[in-house]
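What follows is a set of notes on a single structure, which appears directly below.
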Amino acid sequence: MRESDRFGLWAPVFLGFGILLYFSLPFEPAWGGAALLALAAFLAQWRLAARPLLRLVLIAAGLAALGFALAGLRVALIDHSPLTRELSYGTLQGTVSAVSREGEGRLRADVEIEALEHVPDPPRKVRLTYRGSDPHALALRPGDRIEGPVKLWPNSLPAAPGGFDYGRVLWFEGIGAGGVMLGAPQVLGRAEGILISARRALHALRQAIGARVLAAMSPDTGAVAVALMTGERAYLPEEVEENLRASGLAHVLAISGLHMALLTGALFGGLRLFMALVPRLALYYPVKKWAAALALAGAGAYLVISGMSTATQRAFIMVALVLLSLMLDRPAMTMRNVALAAFALLVLRPESVLSAGFQMSFAAVTALVAVYETRAAQLNALLADWRARGPLQLALLYGAGLLLTSFIAGLATAPFAAFHFNRVAAYGLAGNLLAMPLVALLVMPFAVAAFALMPFGLEAWPLAIMELGLEGLLAAAATVAAWPGAVRGVPGGPEAALGLITLGGLWLALWKGQVRFAGSFFLAGGLLLWALAPRPDILISENARLIAVRGDDGRLNLNASRPAFQASIWLRQEGDTRSPRSASENMFWRCDALACLYEAPGAPRIAHIKDERALVEDCPWADIVVMERDVGWGLDDKACRAQLVLDYGDLSRSGTQALYWNEGKLAAETVRGAQGTRPWTRPY
């Protein structure tokens, strides 16, 4: 069969499809049957060597069933019960498992619960924030056993039906609730054990590295350097983060494939050069393989020191496959290695297929490798005689390569950035062209040197050179972010649209022949589905305090600017760059101390009741009534003829509701309906 050597590249795609099918269900399925189906499909395909097409169908079905079963197994292995109701006050006793700073006077701690007042069956682990100045609280470390009063609340619901489910992310991290410490906790002692001791030692090491870096640099550059070297982002000023986002350079802060590639590349190149300078080593020993092995060890150390985030683990697996290929004399940058890395990650963490980081990382790498495979001969011809070229030609080649790389990666990741973040950095290509040479030549190589020399107290000079690169990076980010229209909002699209776009991109990248161009039809279909996706006419928050109504201009009119976080998410999902305050300043909402009323041509009349005294007058007038308290006020159904009446109790059970108004009739979607009943969702 034509292109039969490319069939194996689709293995992680079918595996991922099975995982997505598992997560799309509104109930918790019995995954054991999927495991048996996968086994049966794999056994049956062995007997069908003479029927290759049927064999491929069975393998694809088996991989999808395997993905479904792996997702179910992962959920079963980490199963825990999250908090279901808010706890306004209770004494908690537990052991700190992880600590991170969140700015001056703020600390975040993950605490494994031993006892929790008023909650007989508490969650296993909670994420607490401390705000204050107590030095003992701010000096908490992993392994500390603490006791103190806390306020806890369940993991958050999505801000709108079909929206990002941060509660599910927390559940997979083992977090059953969030909350705050109501005062400085008392440290009862220290837990014992090898794992706890290792966590304490690692925390102390990361803190020491961060302190040395901050002492050697200015506040802004030091904060970025600490984020790159240890993964600690608490010291980053908001202005710096916003400039990096607006200039398309936010990826610099997330320790991922770029950082791993630059760090291991600097390690591999430096070690190989050093060993090549020793004639006996260069002539009689495989110094290339030795350098690859040592670079792999360095990548592992960086993984641990940087905090072992999911994105960093993903990057480590990808880099490890490349270095192992070098050690085994195999081609390193191939689509097969990309597929192996994706397959391994999906087996280990099936839920990662839902994350923006996984999708964007593999979109960028897949697109880059596909272009390299297609144009390998031309690219190799350009680089073959690089020694004969002058400095200017080499600089131009480097710039052209960087421009091409940034363009391809930016184009491949744009749909995922638009879907997950609803914003696009319009000048991201320019930002990357200005900043990435500094990151590649000054920042990451000298970060490696600083790591190596820090045990001897000699890190000052590499940090000074690293700071020069970071100053250029921040200057480039600030310049590009200041250009008019640097950030553009993009309305969110349906999951089906992103699925079609993803399939189109994979079709173009994984096949080699003319058949690959059929992927453009999937891309066009996905973009069309995105553009035509219906958008809700009304959004009502789960606490019954925030309501948004779509006006004739297509933009949302808010009844208030708070809760600001939820209002910001609604606007961002619309691709609307206005602030909540700006969106709440409109002519359609009329508010007093008792109620807010919405009236506009062609739209339903809405009464947002804050005080029961407004019911008598406003309820008969409105098509939709939303009450900030429960209906226990004694609502008279005869007096209130609204099509829809929602009170606080209704909305707290359903979550945020999205309403569609069509020719005087209402249709509703709810967060609970979109979530279904899964282990990470709250019970109704």
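The values are calculated or read from the model by the stated rules, or taken from the named source; none is laboratory data. Treat the numbers as computed from the prediction; the structure is a model and nothing was measured. Cβ sites come from the backbone with ideal geometry, for glycine too, and all protein chains shown count toward neighbours.
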Residue count, the range 114-151 (criterion: buried (at least 19 other Cβ atoms within 10 Å of the Cβ) and of a type in the set (A, V, I, L, M, F, W, C))
7
Report, by residue number, each residue of the range 488-516 that is out of contact with any strand residue (DSSP E or B) (no Cβ under 7 Å at 6 or more places or on another chain) and charged (D, E, K, R).
GLU495, LYS512, ARG516
Just to verify a result, which residue in the range 409-438, among those that are under 21 Å from the mean Cα position of the chain (by Cα) and surrounded by fewer than 20 Cβ atoms within 10 Å (Cβ to Cβ), is farthest from GLU471 (Cα to Cα)?
HIS420
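Here's the yes/no breakdown for (1) among the aliphatic types (A, V, I, L, M); (2) at pLDDT below 90:
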residue	(1), (2)
GLN207	no, no
ARG212	no, no
ARG233	no, yes
VAL278	yes, yes
ALA292	yes, no
Residue satisfying all of: in the range 555-593; free of Cβ contacts under 8 Å to residues at least 24 places away in the same chain and more than 29 Å from the chain's Cα centre (by Cα); farthest from VAL616 (Cα to Cα) among these:
GLU585
Restricting the range 469-485 to residues that are touching a Phe, Trp or Tyr at 6+ places or on another chain (Cβ under 9 Å) and surrounded by fewer than 21 Cβ atoms within 10 Å (Cβ to Cβ), the residue that is nearest to GLU574 (Cα to Cα):
GLY485
Of all residues in the range 223-241, which are in contact (Cβ under 8 Å) with a residue 40 or more places away in the chain and not hydrophobic (A, V, I, L, M, F, W, C)?
THR230, GLY231, GLU232, TYR235
Scope the range 578-598; condition surrounded by 14 or more Cβ atoms within 10 Å (Cβ to Cβ) and part of a loop (DSSP other than H, G, I, E, B); matching residues
ARG578, SER579, ASN586, PHE588, LEU594
Can you pull out every residue in the range 486-499 that is surrounded by 21 or more Cβ atoms within 10 Å (Cβ to Cβ) and modelled with pLDDT of 95 or more?
ALA497
Given the conditions (1) surrounded by fewer than 24 Cβ atoms within 10 Å (Cβ to Cβ); (2) within 18 Å of GLY428 (Cβ to Cβ), every one holds for LEU249 apart from (1)
Under 9 Å by Cβ, and 6 or more places apart or on different chains, what pairs join a residue from the range 265-277 that is in the same structural domain as ALA292 (by TED's automatic domain parsing) and among the β-branched types (Val, Ile, Thr) with one that is in a helix (DSSP H, G or I) and at pLDDT 90 or above?
none
Return the residues of the range 194-222 that are closer than 16 Å to SER100 by Cβ and free of Cβ contacts under 8 Å to residues at least 12 places away in the same chain; say none if nothing qualifies.
GLN207, ALA208, ALA211
Within the range 388-434, the residues that are more than 21 Å from LEU474 (Cα to Cα) and touching a strand residue (DSSP E or B) at 6+ places or on another chain (Cβ under 7 Å) are ALA414, ALA417, ALA418, ASN422
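Conditions (1) farther than 30 Å from TYR235 by Cα; (2) free of Cβ contacts under 8 Å to residues at least 60 places away in the same chain; (3) not assigned by TED's automatic domain parsing to the domain that holds ALA137, marked per residue:
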| site | (1), (2), (3) |
| --- | --- |
| LEU70 | yes, no, yes |
| GLN93 | no, no, no |
| VAL96 | no, yes, no |
| VAL99 | no, no, no |
| GLY103 | no, no, no |
| GLU112 | no, yes, no |
Please work out which residue is farthest from LEU20 (Cα to Cα), limiting yourself to the range 328-355 and to residues that are modelled with pLDDT of 90 or more and surrounded by fewer than 16 Cβ atoms within 10 Å (Cβ to Cβ).
LEU348
